[in-house]
Amino acid sequence: MMKLFLVIWLLGVGVAAAQDAVPVQVRELSALLSPVVFTAPAEVVTANRSRISARVEARIDTLPVNVGDPVEAGQVIVELDCIDNELSLERAEAELQSAQAQLKRATRQLARSETLARDTLLSKDLLEERQTGKEAAEARERQARAMLKQAELSVSRCRIASPFEGVVTGRLAAKGELARPGTPLLEIVDLQSIEVAAQVFPSELKELESSPRVFLSFLDEEYPLRIDRRTPVIDPVTRTQEVRLGFSGRSAPVGASGRLVWHGKDPGIPASLLVQRDDRLGIFVARDGTAVFHVLPHAREGRPAMVDLPPDTSIVTEGHQALRDGDSLDIAN
């Protein structure tokens, strides 16, 4: 009777244990590994997006470019009515000629006075007066020359040139309007100094820098890139670092928003096998019929992850979402 009771008790324990075991499926890690593809948000930016402004007050005479027109560096893109400035230039030229004539006369007077002073035919006070007159004439000549340069500069500013090669993206004024200093007239985008700005997690930078293939994905098109530089600062909100990349071939339009894509040199496991426990991401390993939660410190939700385990490790591939660390496993063949 005692033996029968012991057998029934053992059978009950076995049934209870079988009921507590979680049904799962497992596969070896080596069968799950595949190339890891990383992505990050990216945008095509330019070093120069300039609003071209007037530097003198004048009426707009011509605006020979329109939105979408390409422009060369140094090409005239705005012409202002320059009559007032040209008249100021003529006056400045006349003032300079007058000052030069006065300086020439004062120089001759001083030379004669010095000759007479050596022969004691001229008083010392009069000689000093001649010297002061020449110095004053020199000052007036310098002032007139500076005014001439200012007038020439004002005339030159009536013709506004593009500071770089680019394309017109905004026409902010019209012919006949009065332009004042600082008034934006045109917006030009530099198409020669464009690059891609991407936000990358620091833990993925090493894979990015060693990746044999990096490209921008935009509207189902791929644009090959090269890494130029990265900022040494981590954004306190996104916890990412900004990386700047240049185009290796054809370039995407400025302002395009896409995804930076690169391949890791080591394979990883699919993101679908990752689970979160206690604010940590990892995978479940089947070890001696027990579920063991293996933390992956650099894993990120929704991304494939690198795994530092032997290739023959049994990884739980089905039923892992409901598992807890230490659960008994009912492994299906």
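A few remarks follow.
- Bridge orientation summary for the chain: considering DSSP beta bridges with both residues in this region, about 95 percent are antiparallel.
- Given the chain, longest segment not containing exposed loop trypsin sites (Lys or Arg not before Pro) (DSSP; at most 12 other Cβ within 10 Å): 1-174
- Those aspartates and glutamates that a straight Cα-Cα span of less than 19 Å connects to K134, excepting residues fewer than 8 apart in one chain: E95, E114, D125
- Each stretch of four or more DSSP H residues adds -39500 (n - 2.57); spread over every residue of the chain, this sum gives -10500 deg cm²/dmol at 222 nm.
- R0 of 30 Å, Cβ-Cβ distance Q321-I234: FRET efficiency to nearest 0.05: 0.40
- Arranged from fewest to most other beta-carbon atoms within 10 Å of their beta carbon, V45, V155 become V45, V155.
- Candidate lysines for bridging to K175, where Cα separation is under 21 Å - those fewer than 8 sequence places away on the same chain excluded: none
- Separation of the range 148-213 and the range 290-323, taken as the distance between their Cα centroids, equals 49 angstrom.
- Using a simple spin-label model with pseudo-atoms 7 Å out from Cα toward Cβ, L126 and E72 lie 6.5 nm apart.
- Note on K149: no lysines have a C-alpha under 18 Å away, same-chain residues under 8 apart excluded.
- Span-rule helices in the chain, defined as complete DSSP H runs reaching 20 Å or more along the axis (Cα) with Kyte mean at least -1.0: 2-20, 83-118
No value in this document is a laboratory result; all are computed from the given coordinates. The structure displayed is predicted, hence computed values, not measured ones. Note that each Cβ is placed from the backbone with ideal geometry, even for glycine, and that neighbours are counted across all protein chains shown.
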